[in-house]
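See structure below.
The values are calculated or read from the model by the stated rules, or taken from the named source; none is laboratory data. The shown structure was predicted, so the numbers you read here are calculated from the model rather than taken from an experiment. Cβ sites come from the backbone with ideal geometry, for glycine too, and all protein chains shown count toward neighbours.
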Amino acid sequence: HDWLGSRSGLGELLDVDYETLSLSSLYRVSDRLLHHKPALEAALFERTKALFGLNTTITLYDLTNTYFEGEVAGNPKARHGHSKEKRSDCPLITLGLVLDGSGFVRRSEVFEGNVREAQTLEEMLQGLQAPEGALVVMDRGIATEVNLVWLRQQRYRYLVVSRERKRRFDPERAVSIQNASGETLQLEKVLCEDGKEVRLYCHSERRAKKEEAINERFVKRFEAALDKIAAGLSNPRTTKRIDRLWERIGRLKEKSRGVGQYYDIELIPDTNGEKAVALRYTRKVAHNGPISHPGVYCLRSSETDWDEETLWRSYITLTDLEAVFRSLKSELGMRPVFHHKEERADGHLFIT
């Protein structure tokens with residue numbers, strides 16, 4: 001309402017005096033638009049497809065969330081969850097978008113703020129009426145094994161970030177390409193034994209340097225914490241019970257971002273076997289993980305005939321969606337949500 005009345009030239013283009021427009025009339029328009037949402041989305045996308053001659057065989061899918069100001073007791077979708085804007089102190093609401101390969105919206109859906117990304121795929125794609133055999137591109141949060149099985153059963157193709165923890169990379173078998181910023185990337189394509197799926201291991205030197213710095217920081221922090229426990233065993237005031245110490249070490253491993261798995265830790269018991277007199281640890285050789293293969297991430301796809309560059313560039317189209325979300329939340333004003341009623345909040349996200 002503020003944008004139309006004081007910051008936009010749209011009124012001059014349409015010959016409408018938005019400065020005198022009441023807020024309640026905009027609410028009524030929002031309600032009517034939301035009532036016709038499926039038909040509007042379908043008609044707008046068909047018009048866009050005809051104008052630009054779009055190829056609809058690629059489908060991008062992602063979610064984002066925004067936060068409410070206030071308690072929002074009247075909206076059952078307003079839930080506390082993980083906020084992508086670091087506002088987990090506020091109730092959230094989630095927007096899911098299905099787009100074509102050029103980034104045009106095909107369908108949108110508003111979910112509860114604490115919805116898990118992996119649970120929304122089937123609901124969205126079933127209502128999408130995407131052509132059979134469409135390629136679905138998703139990030140790691142949605143690419144669960146259950147979702148991939150469902151995609152295969154529904155005869156969709158897919159290109160996703162692998163959720164597997166193991167990493168591998170053989171530079172001798174890799175091909176080199178350059179991204180839009182001029183950085184050289186190395187890509188290794190590995191066909192699965194059954195021939196139905198392919199893995200693409202991608203190595204970025206810039207990403208490797210960043211991960212190495214992060215890993216080194218957590219290694220130093222983890223070893224310093226172990227040294228502190230070991231030093232405390234000589235203090236008569238500290239707890240030396242072995243069961244309590246293992247609990248403490250377990251909490252350290254949880255906070256170590258996976259670094260703790262690369263250590264052999266031993267507590268030396270006293271003659272009674274109840275208290276520890278010393279702590280020893282050794283660092284194991286890392287295999288197939290973030291420490292041994294920094295800067296490596298893996299894509300998996302049903303497109304076994306595609307070459308390395310085609311697979312990578314098809315997936316990178318999904319990163320454009322992050323730029324779309326940033327515009328939605330900033331210039332277009334989706335963040336935060338001030339509406340307290342469910343239909344008004346849904347209308348706000350739909351119009352944005």
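Tell me, please, whether a residue that is over 30 Å from residue 27 (Cβ atoms), modelled with pLDDT under 90, charged (D, E, K, R) and outside any loop (DSSP other than H, G, I, E, B) can be found in the stretch 328-338. Within the stretch 328-338, not a single residue is over 30 Å from residue 27 (Cβ atoms), modelled with pLDDT under 90, charged (D, E, K, R) and outside any loop (DSSP other than H, G, I, E, B).
Restricted to the stretch 60-77, and to residues there that are among the acidic types (Asp, Glu) and in contact (Cβ under 8 Å) with a residue 24 or more places away in the chain, the residue that is nearest to residue 97 (Cα to Cα) is 62. Beta carbons closer than 6 Å, at least 6 apart along the sequence or on distinct chains, pair a first residue in the stretch 1-28 that is not assigned by TED's automatic domain parsing to the domain that holds residue 348 with a second that is among the aliphatic types (A, V, I, L, M) for 1/23; 1/26; 18/4. If you go through the stretch 298-316 and keep only what is surrounded by fewer than 17 Cβ atoms within 10 Å (Cβ to Cβ) and touching a Cys at 6+ places or on another chain (Cβ under 9 Å), you end up with just 304. Considering the stretch 70-104 alone, what residues qualify as being polar (S, T, N, Q) and under 18 Å from the mean Cα position of the chain (by Cα)? Correct list: 83, 88, 94.
Among the residues in the stretch 102-125, are any of a type outside the set (Val, Ile, Thr), over 24 Å from residue 40 (Cα atoms) and in contact (Cβ under 8 Å) with a residue 60 or more places away in the chain? No; the residues of the stretch 102-125 include none that is of a type outside the set (Val, Ile, Thr), over 24 Å from residue 40 (Cα atoms) and in contact (Cβ under 8 Å) with a residue 60 or more places away in the chain. Scan the stretch 161-174 for residues that are surrounded by 13 or more Cβ atoms within 10 Å (Cβ to Cβ) and either of a type in the set (S, T, N, Q) or within 12 Å of residue 200 (Cα to Cα) (or both) and the total you get is 6. Look at (1) surrounded by 10 or more Cβ atoms within 10 Å (Cβ to Cβ); (2) at pLDDT below 90; (3) assigned by TED's automatic domain parsing to the domain that holds residue 338 and you find that residue 86 fails only one, number (1).
Of all positions in the stretch 98-109, none carries a residue that is assigned to a loop (DSSP other than H, G, I, E, B) and crowded, with 21+ Cβ neighbours inside 10 Å.
For the stretch 193-212, a tally of residues being surrounded by 17 or more Cβ atoms within 10 Å (Cβ to Cβ) and either touching a Phe, Trp or Tyr at 6+ places or on another chain (Cβ under 6 Å) or assigned to a loop (DSSP other than H, G, I, E, B) (or both) returns 4. Within the option set 205, 164, being modelled with pLDDT of 90 or more and under 25 Å from residue 257 (Cα atoms) holds for one residue only, 205.
One line per residue, one yes/no per condition, for (1) farther than 30 Å from residue 238 by Cβ; (2) of a type in the set (Asp, Glu); (3) out of contact with any strand residue (DSSP E or B) (no Cβ under 8 Å at 6 or more places or on another chain); (4) at pLDDT 80 or above:
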position: 273; (1), (2), (3), (4): no, no, yes, yes
position: 284; (1), (2), (3), (4): no, no, no, yes
position: 294; (1), (2), (3), (4): yes, no, yes, yes
position: 343; (1), (2), (3), (4): yes, yes, yes, yes
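Screening 299, 267 for residues that are in a strand (DSSP E or B) and not assigned by TED's automatic domain parsing to the domain that holds residue 217 leaves exactly one candidate, 299.
Within the stretch 189-204, being touching a helix residue (DSSP H, G or I) at 6+ places or on another chain (Cβ under 6 Å) and of a type outside the set (D, E, K, R) holds for one residue alone: 200.
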